[in-house]
Amino acid sequence: MATKMAITLHVNGTEHEVRVEPRRTLSDALRTDCGLTGTNVGCEHGVCGACTVLMDGVPVRSCLIFAVQAQGHELRTVEGLASDGALHPLQQAFIDNHALQCGFCTSGFLMLSAGTLEQQPDIDDEALREVLSSNLCRCTGYQNILRAVRQVRDAGKEAAR
Amino acid sequence: MKAGSFEWHPARSADEAVALLAEYAPQDGRVIAGGQSLVPSMALRLAFPAHLIDINGVEEFSRVRVEAGELVVGACVRHAAFHQPVEPGPLGRLLSRVVHDIAHWPIRQRGTFCGSLANADPASEWCLVAATLGARMVARSVRGTRVIEAADWFHGIMTTALADDELLAEVRIPLLPTGSRAGFYEFSRRAGDYALAMALVAWRDDGGRMREGRIGTGSIEVQPRRIATAEALLDGRPASAEAFAEAAAAVSAAVDPLEDFHTSAGYRRDLIGTAVRRAFEQAGD
């Protein structure tokens, strides 16, 4: 077994000092070592997108990054979306549009959407469909997920006017 | 599943990366860049390297630039860099169209152009680009630097000319001349899935006639390649539906398709003809 390494992960503005083997994925480190179980792990080989988190503001599959590689980067997980007890607009929109059923894919879709809207606040519908095709929802709520994200995008455009 | 144990060696410079590779390659060490193919292989225990040389922290590898008529793509340039044209000519526009067929948005934020070339999956879009446009691969090791032509690079499924102690430091793609037209078409069953067939075509428009035509196929044989018999049919002819159909038929006749449980060779042969025709029809400047 490889020696454990002492690393610091910056997650949602908090520093987590953890000891991990190099083979520990970021998704497992977030859940097991940082206690942040909002990030779900589905396929463990980059297909389903349930484990999507933001690394330096960019959506990435946390099962395809080793925790040691995430040192020095700003990480955000679903636990970092709400602030002061108020849900993030995307979380509220998912509720309002019935964009979740079992909820397993939800944290991944929320982080994918949050990162995308922050990078491209006026993303068009076609590009948004391409981005949202990245993750799997097996309750097949895609249309409602699209509706929820479009609602937040449109509200943001309205507010920026 | 979880990956097997390995020792992690982050490199801070290209020199350090090749030195680490020289030390650890004989001990089952290998390079990790974006890791979007390597890490799934490790999770599935298809690969279990004992050492990973991590080049994500090597600043000089993150650059893409134009130099002496070539687009030079560094070892750690992500797929996402190509969402916007990386150069103002026809090549930059072509690559910005091709990139949308590579896996999914989050994968493209992490996976790298050179990593795709080194991985040499038959279904890799960037490998098709390299083979069709005659890219040159620059391999570095402590022994020195050598340049490998696209025609010599691919050695079958996920196998290349790169030696164990060599790192693919950059890929150099010739710019397409002004007046070029280029098109790409890929067929896959689901958005973001591996292609069942894909084609890349390019030619120089000479007053309405096609010159220097290139037709490349991917995801149909063990490696991407140009089809000379089909290219020969283009020279001097107007860009027309008739010429496109003849070239597509010549491609179908020339390939030796892979087949699997779902797709017969006959189906794939037909499919690649359609892909070539659509690549021509969708070609832009």
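The values are calculated or read from the model by the stated rules, or taken from the named source; none is laboratory data. Here the structure is a predicted model, which is why all the values come from computation and not from measurement. Cβ atoms come from the backbone with ideal geometry, glycine included; neighbour counts cover every protein chain shown. Just the protein is used for accessible areas: all its heavy atoms, side chains included, with ligands, DNA and RNA removed. Shrake-Rupley method; radii C 1.70, N 1.55, O 1.52, S 1.80 Å.
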> What does the helix-only formula give at 222 nm for chain B: each DSSP H stretch with n ≥ 4 adding -39500 (n - 2.57), the total divided by the residues, and the result rounded to the nearest 500 deg cm²/dmol?
Replying inline: -8500 deg cm²/dmol
> Once you put a point 7 Å from the Cα of residue B:253 and another 7 Å from the Cα of residue B:229, both along the Cβ direction, what distance in nm separates them?
Replying inline: 0.6
> Suppose R0 equals 51 Å; then what is the FRET efficiency for residue A:101 and residue A:3 from their Cβ-Cβ distance, rounded to the nearest 0.05?
Replying inline: 0.75
>> Under the 0.36 nm per residue contour assumption, what length would be gained going from the current alpha-carbon distance of residue A:120 and residue A:143 to full extension?
In response: 6.3 nm
>> So, R0 is 25 Å and r is the distance between the beta-carbons of residue B:261 and residue A:133; what FRET efficiency does that work out to, to 0.05?
In response: 0.50
> When all protein chains stay in place, what accessible area (Å², nearest 10, 1.4 Å probe) is found for residue B:145?
Replying inline: 90
> Under Stokes-Einstein, with the Kirkwood radius over Cα pairs standing in for Rh, what whole-number D in µm²/s applies to chain B at 25 °C and 0.890 mPa s?
Replying inline: 127
> Tell me, in nm to one decimal, what length is gained between residue B:66 and residue B:16 on full extension, where the rule is 0.36 nm per residue of separation less the Cα-Cα distance?
Replying inline: 15.5 nm
> Between the range B:180-250 and the range A:93-146, what's the alpha-carbon centroid distance in Å?
Replying inline: 36
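Restrict the search to the range B:230-270; then list the chymotrypsin sites (Phe, Trp or Tyr not before Pro) that DSSP places in a loop and that have at most 13 other Cβ atoms within 10 Å of their Cβ.
Working: sites: B:244, B:261, B:267; in loops: B:261.
Filter output for the range B:230-270: B:261.
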> Using a 1.4 Å probe, how large is the accessible area of residue B:15, given in Å² and rounded to the nearest 10?
Replying inline: 100
>> Give me the percent of accessible area attributable to carbon and sulfur for the range A:89-160, probe 1.4 angstrom.
In response: 52
> Expressed in nm to one decimal, what extension gain is obtained for the pair residue A:159 and residue A:45 from 0.36 nm per residue of sequence separation less their Cα-Cα distance?
Replying inline: 37.2 nm
>> Of A:45, A:112, A:7, which is farthest towards the positive pole of chain A's charge dipole, taken about the Cα centre with +1 and -1 on the beta-carbons of Lys, Arg and Asp, Glu respectively?
In response: A:45
> Where does the longest stretch of chain B lie that holds no trypsin sites (Lys or Arg not before Pro) found in a DSSP loop with 12 or fewer other Cβ atoms within 10 Å?
Replying inline: B:46-142
>> Below 8 Å, C-alpha to C-alpha, sequence gap of six or more: please give me the relative contact order for the range A:26-161 in percent.
In response: 26
> Ranked from the most accessible area to the least, with a 1.4 Å probe and all protein chains present, what is the order of A:116, B:160?
Replying inline: B:160, A:116
> So if we plug the beta-carbon distance of residue B:212 and residue B:97 into 1/(1 + (r/R0)^6) with R0 = 35 Å, what FRET efficiency do we get, rounded to 0.05?
Replying inline: 0.95
> Considering the dipole of the range B:61-174 built from charges on the beta carbon (Lys and Arg +1, Asp and Glu -1) around the Cα centre, which of B:141, B:151, B:88 is farthest to its positive end?
Replying inline: B:88
